[in-house]
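Here's the structure, in structure tokens; my notes come after.
The values are calculated or read from the model by the stated rules, or taken from the named source; none is laboratory data. All values reported here derive from a predicted model rather than from experimental measurement. Backbone-built Cβ (ideal geometry, glycine too); neighbour counts: all protein chains shown.
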């Protein structure tokens with residue numbers, strides 16, 4: 001099963017890409033949602049209490065995500081602590097989800113990952129395709145503020161994330177999203193149709209984990225075909241392109257589905 005990872009900063013449009021692929025029949029896993037599940041685990045809550053105190057819990061003993069975020073994203077040390085506590089549980093939940101899809105003989109899965117740092121990390125190391133969704137800071141700020149985020153909260157979280165340049169350097173495919181959700185969805189569908197044609201031609205979509213040359217050639221062929229269509233139709237002026245990969249690291253950036261009220 002091919003794992004298609006979707007990465008990007010807050011407000012970049014990762015969810016639009018994931019939902020568009022779901023509409024194309026691709027099962028999806030949202031790692032932010034798994035992160036919320038992890039916060040309900042007793043062992044995780046105990047570690048969070050020891051690390052950040054009781055102020056992050058509500059009267060029912062549940063984690064108040066807004067209160068946790070205010071502390072966890074205040075500095076890189078706290079963010080690393082949150083990462084160390086939550087990521088093992090998220091990895092276990094992800095493995096279970098992946099196993100269920102493999103049991104169903106699904107050929108692809110789309111994985112939205114806001115916590116991405118490097119392709120060497122446990123969650124992303126088996127990614128067959130890495131799609132980076134990029135947008136200008138101005139566009140992202142506008143989207144997030146319209147969704148109810150404060151500028152202070154946005155900047156605090158972005159400060160704990162890797163940069164778009166670092167994402168682009170590691171990606172196989174890049175979508176630029178300074179336009180509308182509809183344009184990004186069209187861009188996604190165009191790439192997906194090209195990609196599936198390439199993978200089917202290469203042998204029914206069987207995963208090629210670890211085969212960098214095969215993975216890159218498939219992604220590159222798909223983006224080249226999509227670019228050619230874009231050039232003819234001028235439908236997606238931002239297009240997609242392939243860039244070389246590199247490694248980098250940064251602390252756990254937190255989920256973008258959180259809101260200032262702590263509700264999804």
Going residue by residue through segment 76-86, is there one that turns out to be modelled with pLDDT of 95 or more and in contact with a strand residue (DSSP E or B) (Cβ under 6 Å, 6 or more places away or on another chain)? no
Could you tell me whether residue 168 is out of contact with any strand residue (DSSP E or B) (no Cβ under 7 Å at 6 or more places or on another chain) and surrounded by fewer than 20 Cβ atoms within 10 Å (Cβ to Cβ)? no
Within segment 20-39, how many residues are part of a helix (DSSP H, G or I) and under 16 Å from residue 190 (Cβ atoms)? 3
From 147, 171, 132, 124, which residue is touching a residue at least 24 places away in the same chain (Cβ under 8 Å) and more than 11 Å from residue 7 (Cβ to Cβ)? 147
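Here's the yes/no breakdown for (1) over 16 Å from residue 3 (Cβ atoms); (2) modelled with pLDDT of 95 or more; (3) in a loop (DSSP other than H, G, I, E, B):
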site	(1), (2), (3)
183	yes, yes, no
186	yes, yes, no
189	yes, yes, no
197	yes, no, no
200	yes, no, no
206	no, no, yes
210	no, no, yes
216	no, no, no
219	no, no, no
Condition (residue is outside any strand (DSSP E or B), outside the structural domain of residue 158 (by TED's automatic domain parsing) and touching a helix residue (DSSP H, G or I) at 6+ places or on another chain (Cβ under 7 Å)) applied to segment 96-111: is it met by at least one residue? no
Run down 230, 173 and say which single residue is modelled with pLDDT of 95 or more and either touching a helix residue (DSSP H, G or I) at 6+ places or on another chain (Cβ under 7 Å) or under 19 Å from residue 17 (Cα atoms) (or both). 173
What is the number of the single condition among (1) surrounded by 22 or more Cβ atoms within 10 Å (Cβ to Cβ); (2) out of contact with any helix residue (DSSP H, G or I) (no Cβ under 9 Å at 6 or more places or on another chain) that residue 77 does not meet? (1)
Which is assigned by TED's automatic domain parsing to the domain that holds residue 54 and in contact with a helix residue (DSSP H, G or I) (Cβ under 7 Å, 6 or more places away or on another chain), of 134, 144, 93? 93
Cross-chain or 6+ apart pairs with Cβ under 8 Å, segment 59-77 first and at positive phi, then crowded, with 17+ Cβ neighbours inside 10 Å and modelled with pLDDT of 95 or more: 61/45
Just for segment 20-52: of the residues that are without any contact (Cβ under 8 Å) to a residue 12 or more places away in the chain and farther than 17 Å from residue 109 by Cβ, which one is surrounded by the fewest Cβ atoms within 10 Å (Cβ to Cβ)? 42
